[in-house]
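Reviewing the structure listed below.
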Amino acid sequence: MIRTDVIIIGGGATGCGIARDLALRGVHHYLVEKGDFASGATGACHGLLHSGGRYVVTDPEAAKECITENSILRKIAQKCVETTGGLFVRLPGDSKRFRDSFLTRCEEVGIGTEVLSPSKALDLVPGLNPTLEEAIQVPDCSIDPFRLCMLNAYTSRRRGGGILIHHEVKEIIVEKGRCVGIKARERLTAQVKEIRAPIIINAAGAWGDRIARMSGSQVPMTLSKGSLVISNHRLTNMVINRLRPPSDGDIIVPNEAVCLAGTTSVPVEDPDVLDVDASEMDIITSQAGQLIPSFGSTRLIRAYTGVRPLLEATCKDGRSISRGFRIIDHENGMFSILGGKLTTYRLMAEKMVDVIMGQLGLNVPCKTASLPLEGQEELSGYPLSKRLKGIDDIVCECELVSRRDVEHAINSLGIQYVGDIQHRTRLGMGPCQGGFCTYRALGIMQELGRVSTEESLEILKLFLQRRFKGIKPALWGDQLREEQLIESIYLGILNMESKA
Ligand SMILES: Cc1cc2nc3c(=O)[nH]c(=O)nc-3n(C[C@H](O)[C@H](O)[C@H](O)COP(=O)(O)OP(=O)(O)OC[C@H]3O[C@@H](n4cnc5c(N)ncnc54)[C@H](O)[C@@H]3O)c2cc1C
């Protein structure tokens, strides 16, 4: 049995941010995550470090939090944030009254804006719809949620925190009406670990109500699914938003070599049963095509979906729910933190840890807003071409990941699954979606003695199934042709057909 002061359930941005904050305030803790880091909404998000513009008219409080955190993260997380800038684009027919409110509210909230003529906007982003009426420039950025989680967890680990990934919390131990610990099952071995602590933080996002119910409590939330589509090219160097009230398919975010377009908002009951519907693909591609016309003819390489853990219990339209966050004291030793945004994860963690410090009778101030994330020195940062420096043996051509990067991830980070390498190095996240590099990475894992032949075949099978789920909604044209080539490599040459 393990003893600690605080258990955090969930290794998304919120959980990892809490772990870093606790570590910097000297509180011992364990973080328990059922998958890899960022395997919930954090890894399925748009990767937009909001300026707050998106919410400024409908939810100014959330917008204010966003702009404050945006400027903090640009300083402390430089290697996770690409300072692309963003444009809110007004197309013919879009409300001028909304545009006026947008500018007024941005000023009130403190979001810097510059109104650009169509020609100035087209100079910045040549692929924009040339019929645009105007664009408003804001400090939106692109952010890498995987790196962000890893770096937050790195500080925790470095300062003695316990981090258990691929461990699913199956039970909350309740004694005399109080939560005193958890039982978590390791994915690979099915071994159950018991961890005891006087305080448990439920940062399980869309799974938060399930966790709360294990202790006899509940958390009021509405689950809203959002889907995203990845294009084969980086069609814009700036974040592009539609200047209108938040709705489907109105944001395109550049992310390394590709672009992410989305999203949708569909109420769901179960965060584990998710698919991208064909209708969502149609909406996203047609709406993105209105902003950047070449989106309609560009190859799409993948679609995915994530679930927003929003605050209210009953609501038909997820978009009208505040993006603010809430901390719930269940008064039994468990605290739940829900709602919010990736952009505001640090603030959420700060507020949560302030409450915990009060519970523990400690008075150590938060330092996360001023200290840069540790471990960034090892990362190349933006742009992608920086990785070309000194690169020798490339394993992933799309994202320029070298054998050295893969070996480093395997050796020093305790990797068990090929997906974990992807999250840490971006291997397989580019146009071929791992088709040409995953078997190479698995080969390296095997050479280094991390997996046996049988295990590597099993891992490859799981990878192929997960990969196919992601690319299936985008299978037409050139993407379908490339998929047939990849299928022949895996099923024909590597004989995976008999294994699948
Ligand atoms: C489609 C979409 C697009 C978005 N785009 C943006 C954006 O561009 N910018 C932005 O700022 N925000 C965005 N958001 C919101 C943002 O992603 C979330 O608010 C944020 O990532 C939530 O982080 P979290 O850590 O609270 O939850 P999650 O990331 O969901 O983390 C919860 C974790 O708990 C784990 N867990 C669950 N049950 C258990 C268990 N029993 N045992 C152990 N672990 C468990 C899960 O595996 C998961 O990793 C988007 C959300 C969606 C869905």
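The values are calculated or read from the model by the stated rules, or taken from the named source; none is laboratory data. These numbers were taken from a predicted model, which means no experiment stands behind them. No Cβ is skipped: glycine too gets one built from the backbone with ideal geometry, and neighbour counts run over all protein chains shown. Accessible surface is based on the protein model in full, side chains and every heavy atom, while ligands, DNA and RNA are left aside. Shrake-Rupley method; radii C 1.70, N 1.55, O 1.52, S 1.80 Å.
To the nearest 0.05, what FRET efficiency results for Ala369 and Arg158 with a Förster distance of 22 Å applied to their C-beta separation?
On the way: r = 19 Å, r/R0 = 0.87.
That pair, Ala369 with Arg158, gives E of 0.70.
Roughly how much of Arg346 is accessible, in Å² to the nearest 10, using a 1.4 Å probe?
About 10 Å², ignoring ligands and nucleic acids.
Within a Cβ distance under 14 Å of Lys120, other residues only, what is the Lys/Arg minus Asp/Glu net charge? The partial results should precede the final answer.
Values: positive: Arg90; negative: Glu114, Asp123, Glu133, Glu134.
Summing Lys/Arg as +1 and Asp/Glu as -1 gives -3.
Just to make sure I understand: if all protein chains stay in place, what is the order of His28, His330, His167 by accessible area at 1.4 Å, largest first?
Numbers: His28 70, His330 30, His167 10 Å².
Largest accessible area first, the residues go His28, His330, His167.
R0 = 25 Å: FRET efficiency of Asp277 with His233, Cβ-based, nearest 0.05?
Efficiency for this residue pair is about 0.50.
Lys120: which lysines have alpha carbons under 22 Å from its alpha carbon, excluding same-chain residues fewer than 8 sequence positions away?
Lys96
Could you order Met221, Met357 by accessible surface area, starting with the largest, using a probe radius of 1.4 Å?
Met221, Met357
When Lys and Arg each count +1 and Asp and Glu each count -1, what net charge do the other residues less than 12 Å away from Gly381, Cβ to Cβ, add up to?
Surrounding charge for Gly381 is 0.
Quick one: compute a quarter of the convex hull surface over the Cα atoms of segment 317-438 and quote it in nm².
Averaging across all directions leaves 12.0 nm² for the Cα convex hull.
Straight-line reach from Lys469: which lysines fall under 22 Å, measuring Cα to Cα and dropping same-chain residues less than 8 apart?
By straight Cα distance, Lys469 reaches Lys34, Lys225, Lys461, Lys499.
Taking the alpha-carbon distance from Lys386 and a cut-off under 18 Å, which lysines remain once sequence neighbours fewer than 8 residues away in the same chain are dropped?
Lys79
Given all pairs of different Cα atoms, what value in angstroms does the Kirkwood hydrodynamic radius of the chain take?
Roughly 23.3 Å, rounded to one decimal.
With each label point set 7 Å from Cα along the Cα-Cβ vector, what nm distance links Arg196 and Asn411?
About 4.0 nm, to one decimal.
Would you mind telling me the antiparallel percentage of the DSSP bridges in the chain, rounded to 5?
Of those bridges, close to 75 percent are antiparallel.
Using alpha-carbon positions, what is the distance between the centroids of segment 80-109 and segment 171-211, in Å?
43 Å
Let me have the 222 nm mean residue ellipticity of the chain computed from DSSP H runs of 4+ only, each contributing -39500 (n - 2.57), with the sum over all residues rounded to the nearest 500.
-10000 deg cm²/dmol
If you take the Cα atoms of segment 102-175, find Rg, then find the Kirkwood Rh from the mean of 1/r over all pairs, what is Rg/Rh? Write down the numbers at each step before the final one.
Details: Rg = 22.4 Å, Rh = 17.3 Å.
Reported Rg/Rh (Cα atoms, Kirkwood Rh): 1.30.
If a paramagnetic tag sat 7 Å from the Cα of Arg403 along the Cα-Cβ line, which residues of segment 430-456 would have the backbone N under 19 Å from that point?
436-451
Taking the Cα-to-Cβ direction at Lys176 and at Ser119 and moving 7 Å from each Cα, how far apart do the two end points lie in nm?
Here the modelled spin labels are 7.8 nm apart.
Under 13 Å from a label point 7 Å along Cα→Cβ of Asp270: give me every residue in segment 430-467 with its amide N that close.
None, by backbone N distance to the label point.
Can you give the translational diffusion coefficient of segment 1-125 in µm²/s, computed by Stokes-Einstein from the Kirkwood radius over Cα pairs at 37 °C and 0.692 mPa s? Walk me through the intermediate numbers first.
Values: Rh = 17.4 Å.
Result for D is 188 µm²/s.
Separation between the Phe468 and Lys75 pseudo-spin-labels, each 7 Å from Cα along Cα→Cβ, expressed in nm?
With each label placed 7 Å out from Cα toward Cβ, I get 5.0 nm.
Would you check the accessible area of Glu455, probe 1.4 Å, heavy atoms only, in square angstrom rounded to 10?
Near enough 90 Å² of accessible area.
If you take the beta carbon distance between Trp476 and Arg450 as r and set R0 to 41 Å, what does 1/(1 + (r/R0)^6) give as a FRET efficiency, to the nearest 0.05?
The pair Trp476/Arg450 has a calculated efficiency of 0.65.
Using a 1.4 angstrom probe on the protein heavy atoms only, line up Arg185, Arg244, Arg3 by accessible area, largest first.
Result, largest first: Arg3, Arg185, Arg244.
Which of rounded, prolate, oblate describes segment 383-493, given a ≥ b ≥ c as roots of the alpha-carbon gyration tensor eigenvalues and a/c under 1.5 marking rounded, otherwise prolate only if a/b is larger than b/c?
Here segment 383-493 falls in the oblate category.
With all protein chains present, calculate the accessible area of Arg308 using a 1.4 Å probe and round the result to the nearest 10 Å².
Answer for Arg308: close to 50 Å² accessible.
Would you please give the residues with an amide H less than 5 Å from that of Leu116, counting only those at least 5 places away or on a separate chain, with H modeled from the backbone geometry?
Counting only residues 5 or more places away or on other chains, the set is Ala135, Ile136, Gln137.
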